[in-house]
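Written below as structure tokens is the structure these notes are about.
The values are calculated or read from the model by the stated rules, or taken from the named source; none is laboratory data. What you see is a predicted model; the values in this text were computed from it and never measured. Heads up, the Cβs are rebuilt from the backbone with ideal geometry, glycines too, and the neighbour counts pull from every protein chain shown.
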Amino acid sequence: MTRLLSCLLLLICTSTAAAQSIAAAAVPTVVVRMETSVGRIVLQLDPQHAPKTVANFVGYVNSGYYNGLIFSRVIAGFMAQGGGYDSAFKQRKMQAPVRSEADNGLKNVRGSIAMARTGMPQSATSEFFINFVDNTNLDYPSFDGWGYAVFGRVIEGMDVVDKMEAIPTGPGGPFPSDVPQTPIIITRMTVDPSPAK
């Protein structure tokens, strides 16, 4: 009887693990190609851990929203932020904020992409940032109980990201500092039609 129960328990555990593996495999990653004035960056997004954030970002990409926008804030040793302003520092109409998924277990490590926001945790819309370094202070729960939601990572083009970091910054538009003095323009962003495995 004990042996039978042990076998049944093993079967249940194995079936549960297999089901979880199948569920994970059923959610392919999403690849986004970002063409910029300093080179191409390829992003792999993670809809399994950040479904709402990925859907929000992909919606902006598919609408052409990011085309012609700039990286308006670049801080060496920290991150590059874009997706909010064009080269004349005008903003485009944004969608409603996306609920924060900062507690999804993904970390603000070098090369990760995360949602930018205001001081309000549930305020992220179109702006995002790419981490130049491991910014563990931005991970959930961070300093405000939330942190910043990571939803993917750079899989090609970290040399381009490093070029961004090296561009001199200063004042620009409404900002007193941290604006690249040679504009970094997102010329085009597209979703790869072939899901990544």
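Of all residues in the range 151-168, those being touching a Gly at 6+ places or on another chain (Cβ under 9 Å) and under 17 Å from G105 (Cβ atoms) number 1.
For the range 121-132, the set of residues classified as part of a loop (DSSP other than H, G, I, E, B) and either closer than 22 Å to L69 by Cβ or touching a strand residue (DSSP E or B) at 6+ places or on another chain (Cβ under 8 Å) (or both) consists of S123, A124, T125, S126, E127, F132, listed by residue number. Residue count for the range 11-43, restricted to those that are touching a strand residue (DSSP E or B) at 6+ places or on another chain (Cβ under 7 Å) and either of a type in the set (F, W, Y) or at pLDDT below 50 (or both): 0. When the range 118-155 is limited to residues that are of a type in the set (D, E) and surrounded by 14 or more Cβ atoms within 10 Å (Cβ to Cβ), the one that is nearest to Y85 (Cα to Cα) turns out to be E127.
In the set (1) modelled with pLDDT of 95 or more; (2) part of a loop (DSSP other than H, G, I, E, B); (3) surrounded by fewer than 17 Cβ atoms within 10 Å (Cβ to Cβ); (4) not aliphatic (A, V, I, L, M), the condition left unmet by P193 is number (1).
Here the condition is being at pLDDT below 95 and either among the aromatic types (F, W, Y) or over 18 Å from V42 (Cα atoms) (or both); of F151, F143, F132, it holds for F143 alone. When you scan the range 20-32, do you find a residue that is more than 11 Å from the chain's Cα centre (by Cα) and on the phi > 0 side of the Ramachandran plot, even just one? No, the range 20-32 contains no residue that is more than 11 Å from the chain's Cα centre (by Cα) and on the phi > 0 side of the Ramachandran plot.
Answer yes or no as to whether S100 is under 17 Å from L45 (Cα atoms) and touching a Pro at 6+ places or on another chain (Cβ under 7 Å). Answer is yes for this residue. Among the residues of the range 154-190, those identified as part of a loop (DSSP other than H, G, I, E, B) and either acidic (D, E) or within 20 Å of the chain's Cα centre (by Cα) (or both) are G157, I184. Scanning the range 73-86 for residues that are surrounded by fewer than 15 Cβ atoms within 10 Å (Cβ to Cβ) and at negative phi gives a single hit, I75.
Looking at the range 78-88, is at least one residue of a type outside the set (D, E, K, R), more than 16 Å from the chain's Cα centre (by Cα), in a strand (DSSP E or B) and closer than 24 Å to P168 by Cα? For the range 78-88, residues of a type outside the set (D, E, K, R), more than 16 Å from the chain's Cα centre (by Cα), in a strand (DSSP E or B) and closer than 24 Å to P168 by Cα: present.
Can you name the residue in the range 94-117 that is in a loop (DSSP other than H, G, I, E, B) and among the small types (G, A, S) and is also surrounded by the fewest Cβ atoms within 10 Å (Cβ to Cβ) among such residues?
Filtering the range 94-117 for residues that are in a loop (DSSP other than H, G, I, E, B) and among the small types (G, A, S), the one surrounded by the fewest Cβ atoms within 10 Å (Cβ to Cβ) comes out as A96.
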